[in-house]
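Everything on this sheet refers to the single structure shown next.
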Amino acid sequence: LQVKNPRTGEYDYTIKPLAAKDIEEKAADLKLAQIHWQQAEIEYRIACLQAWKAQVILHKERLIEALAKDTGRIWETKLEVDMVATSIDRWCKIAEEFFKKTDPKQSSIPFISLQQGLKAYGLIGVISPWNFPLLLSLIDTIPALLAGCAVIVKPSEVTPRFIEVINLTLAPLQNTLTFVAGDGIIGEALIDNCDMICFTGSTATGRKVYDRAAKRMIPVFLELGGKDAAIVCENADLDLASSSILWGSTANAGQSCLSIERVFVHQNVFDEFVEKLVEKAKKIALNSDSINEGKIGPIIFEKQVDIINYQLKDALMHGASIAYGNVECQIINGGYYCLPTIVTNVTNSMMLMQEETFGPIIPIMPFKNNEEALQLANSTIYGLSGAVFAATQNEAIHLGTQMVCGAVSINDCALTAIMHEGEKASFKLSGIGGTRMGPNAIKRFMRQQVMIIKNNAENDPWWYN
Ligand code: NAD
């Protein structure tokens with residue numbers, strides 16, 4: 001499989017996926033290693049993860065280099081690699097608390113007590129997308145390892161260069177983690193050989209994963225597409241809201257599931273808000289000349305360029321206007337780029353307002369009152385996250401709790417990118433399964449088991465007399 005460099009447009013890297021039979025063998029080895037891994041005390045697993053963290057830090061520069069080549073950005077890449085260490089520490093702390101031993105409890109029958117336990121699933125298959133190749137490969141992997149599972153990760157074939165490097169760091173994990181390169185065929189092989197699947201990617205592929213996993217009756221956790229809305233109330237701080245929304249919509253060139261992709265602004269402050277946003281957007285430069293300068297990197301995946309262009313064209317054809325930005329992605333030095341693009345005169349039925357764009361595009365629509373704002377915000381098939389800006393926290397929270405999505409940033413945007421402690425689910429077609437953050441994320445990887453203990457030496461009253 002040929003891999004494209006998004007800054008030059010050249011195919012300058014190749015991956016050679018394993019055969020499905022090799023995946024079967026790898027899965028068998030991992031399942032064997034998992035038996036000892038789950039029998040070990042949590043302190044042992046934490047020590048192994050800490051030793052792994054040290055290896056990741058040792059290979060940090062090589063990881064950054066590989067990820068930056070695949071994604072064409074540097075600032076986000078450094079953050080992505082730095083977040084590995086902090087997230088290992090965070091999960092180790094949560095796991096320590098989670099695995100605290102509890103004494104057997106008396107049941108409702110006087111001579112029977114119960115000892116609740118949790119048993120790890122065996123092998124978890126993690127299938128990840130190209131927008132944050134490392135972060136999204138590890139977001140489920142780390143809690144799964146701490147839970148006592150083994151993990152096989154298949155990152156996206158669009159951004160696979162870091163696999164070579166990360167596989168050099170894994171020795172401390174006792175053969176319980178590996179990364180394999182490949183496309184959907186290898187993804188399918190994971191579904192066929194693992195005991196549970198954690199998938200992050202598009203809703204379309206998520207359906208296929210769900211379907212295949214259903215045939216084996218294995219549990220799946222799907223984290224899929226989004227079309228996050230921001231609501232800006234009449235009394236909101238427009239300076240704060242415009243700065244936050246500009247970042248929340250265009251960071252990583254909008255290639256985040258939790259990007260703000262629709263903005264609803266109260267009609268009385270609409271023009272003022274758009275003016276502020278345009279003024280600020282003009283100062284945000286592309287990084288096309290140098291990866292170390294500018295804020296907006298290239299569109300990583302060529303097929304995404306077609307989607308962005310198609311949605312913009314459709315919106316313009318139906319009467320939308322560009323208040324600032326590009327009418328389509330531009331080619332610079334072989335890469336595809338798009339300025340922060342502010343689109344007005346949009347209607348809610350436009351593709352741009354309904355389908356995931358995954359680019360730095362900010363369509364803005366006015367609303368009359370809070371009821372209408374909520375109705376518009378809730379009117380897509382997605383329910384990942386959202387944002388509300390209002391004069392008081394109470395007012396914003398009041399609206400936020402009526403949004404049909406798993407996380408709402410209050411007087412800020414896209415906080416789930418940074419804050420990984422709050423527990424949340426993905427609603428509607430944005431996903432299925434429990435939270436991937438907080439203590440309950442570890443629980444996903446475990447089955448409940450109970451020891452039902454007879455405490456006396458007498459005949460039970462229900463036995464044959
Ligand atoms: P994608 O669905 O095209 O691919 C995701 C992964 O699935 C890749 O590794 C791919 O090789 C694999 N795959 C493809 N076909 C498969 C199959 N039949 N069986 C098993 N695996 C298969 O998604 P993408 O384009 O890489 O990523 C962008 C999408 O990911 C966007 O929709 C974005 O919203 C979503 N995303 C969601 C979250 C979240 O947390 N909800 C986070 C980041 C990205």
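The values are calculated or read from the model by the stated rules, or taken from the named source; none is laboratory data. Just so we're clear, the structure is a prediction, and the values are computed from it rather than from any experiment. Virtual Cβ from ideal backbone geometry, glycine too; neighbours counted across all protein chains shown. Heads up: the accessible areas ignore ligands, DNA and RNA and are worked out on the full protein's heavy atoms, side chains in. Shrake-Rupley method; radii C 1.70, N 1.55, O 1.52, S 1.80 Å.
Helical runs (DSSP H, four residues minimum) scored at -39500 (n - 2.57) apiece and divided by the length of the chain put the mean residue ellipticity at 222 nm at -11500 deg cm²/dmol. Note on residue 462 and residue 202: their simple-model spin labels are 5.3 nm apart, each label 7 Å out from Cα toward Cβ. Beta bridges from DSSP with both residues in the chain: antiparallel share about 40 percent, rounded to the nearest 5.
Spin-label model, residue 96/residue 348: points 7 Å from Cα along the beta carbon direction are separated by 4.9 nm. Charge tally for residue 357 (other residues, Cβ to Cβ under 15 Å; Lys, Arg +1; Asp, Glu -1): -3. Near the amide H of residue 343, within less than 5 Å, lie the amide hydrogens of 323, 362, 364, all on another chain or at least 5 residues away, with H placed in the peptide plane.
Surface analysis of segment 99-218 yields an accessible area of 38 Å² per residue, using protein heavy atoms and a 1.4 Å probe. Taking Cα atoms only, the orientation of helix 42-58 departs from the longest principal axis of the chain by about 40 degrees. Residues of segment 163-185 with an amide N closer than 20 Å to a point placed 7 Å from the Cα of residue 16 along the Cα-to-Cβ direction: 163-168, 179-185.
Evaluating 6.51 cos²θ - 1.76 cosθ + 1.60 at θ = phi - 60° for every residue in segment 16-25, the Karplus couplings come out as 10, x, 5, 7, 4, 5, 5, 5, 4, 5 Hz, glycine and proline recorded as x. Mean sequence separation of contacting Cα pairs (under 8 Å, at least six apart), scaled by the length of segment 338-423, corresponds to a relative contact order of 22 percent.
I'd like to check one number: the per residue accessible area of segment 223-301, probe 1.4 Å, reported in Å² as a whole number.
35 Å²
Computed from Cα positions, the angle between helix 184-193 and the longest principal axis of the chain comes to roughly 20 degrees. Near residue 412, the amide H atoms lying under 5 Å from its own belong to 388; only residues 5 or more places off or on other chains count, and H is placed 1.01 Å from N.
In this simple spin-label model, placing a label point 7 Å from the Cα along the Cα-to-Cβ direction at both residue 372 and residue 306 gives a separation of 3.8 nm. Backbone geometry of segment 325-333 corresponds, through the Karplus equation with coefficients 6.51, -1.76 and 1.60 at θ = phi - 60°, to 3J(HN,Hα) couplings of x, 10, 7, 7, 5, 10, 9, 10, 6 Hz, x marking Gly and Pro. Sequence-ordered 3J(HN,Hα) estimates for segment 63-77 from the Karplus curve with 6.51, -1.76 and 1.60 and θ = phi - 60° stand at 5, 4, 4, 5, 5, 5, 4, 6, 10, x, 9, 10, 4, 5, 5 Hz, glycine and proline given as x.
Going through segment 79-115, which trypsin sites (Lys or Arg not before Pro) have at most 16 other Cβ atoms within 10 Å and a DSSP loop state? Sites meeting the loop and neighbour criteria: 100, 101. Potential lengthening of the chain between residue 78 and residue 25 amounts to 15.6 nm, from the contour at 0.36 nm per residue minus the alpha-carbon distance.
Annotation for segment 381-465: GluC sites (Glu not before Pro) lying in DSSP loop with at most 13 further Cβ atoms inside 10 Å of their Cβ are 421, 458. Check residue 260: other-chain or 5+ apart residues with amide H under 5 Å from its amide H, H built from backbone geometry? For residue 260, whose amide H was placed from the backbone, the distant partners under 5 Å are 249. Shown for the chain: the carbon plus sulfur share of the solvent-accessible area, taken with all protein chains present and a 1.4 angstrom probe, equals 54%.
Can you give the angle from 0 to 90° between the axis of helix 302-317 and the longest principal axis of the chain, with both taken from C-alpha atoms, to the nearest 10? For helix 302-317, the angle is close to 50 degrees. By the rule of a C-alpha distance below 20 Å, with chain neighbours fewer than 8 residues away ignored, the lysines paired with residue 119 are 31, 93, 100, 101, 105, 443. If you sort the three axes of the alpha carbon gyration tensor as a ≥ b ≥ c, you get a/c of 1.5 or more for segment 133-181 and a/b no higher than b/c, which makes it oblate. Separation of segment 71-91 from segment 1-46 is 20 Å, based on Cα centroids.
If R₀ is 51 angstrom, what is the calculated FRET efficiency for the pair residue 292 and residue 111, using the beta carbon separation as r and rounding to 0.05? Intermediate values should be presented prior to the final figure.
Values: r = 71 Å, r/R0 = 1.40.
My answer for the efficiency is 0.10.
Would you mind calculating the relative contact order of the chain from Cα pairs under 8 angstrom and at least 6 residues apart, reporting the percent as a whole number? Once normalised by length, the contact order is 18 percent.
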